[in-house]
Amino acid sequence: MSEREYEALRSALASTHMEGFRVTEQTEKDCIRLMNGEVSVSDLVKKILTRPATI
């Protein structure tokens, strides 16, 4: 991932946070893995849905 892509990701995550959604360190890690092609969207969704809910 280039520095430019990483900055775009950070900006998108900041916007998401400002909209009132919870953005965790795990969220950022998941996005990076997805953008690097390390995981598919469907596999990531399955993994997220099996994680314990956090409040």
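Values in this text are rule-based calculations from the coordinates and carry no lab data. In this text the structure is predicted, and so the values were computed from the model without any measurement. No Cβ is skipped: glycine too gets one built from the backbone with ideal geometry, and neighbour counts run over all protein chains shown.
How much net charge surrounds residue 26 when only other residues with a Cβ under 12 Å from its Cβ are counted (Lys, Arg +1; Asp, Glu -1)? Here the charged neighbours net out to +2. Candidates 35, 23, 11 compared by Cα position along the dipole of the chain: farthest toward the positive end lies 23, with charges placed on Cβ.
Dipole magnitude for the chain: computed about the Cα centre from +1 point charges on Lys and Arg Cβ and -1 point charges on Asp and Glu Cβ, it is near 240 debye.
For q = 0.16, 0.30 Å⁻¹, what log10 I(q)/I(0) does the chain give under the Debye formula with an equal point scatterer on each alpha carbon and no solvent? Here the Debye-derived log intensity ratios amount to -0.53, -1.24. Between residue 40 and residue 26, full extension at 0.36 nm per residue minus the direct alpha carbon distance yields a gain of 3.4 nm.
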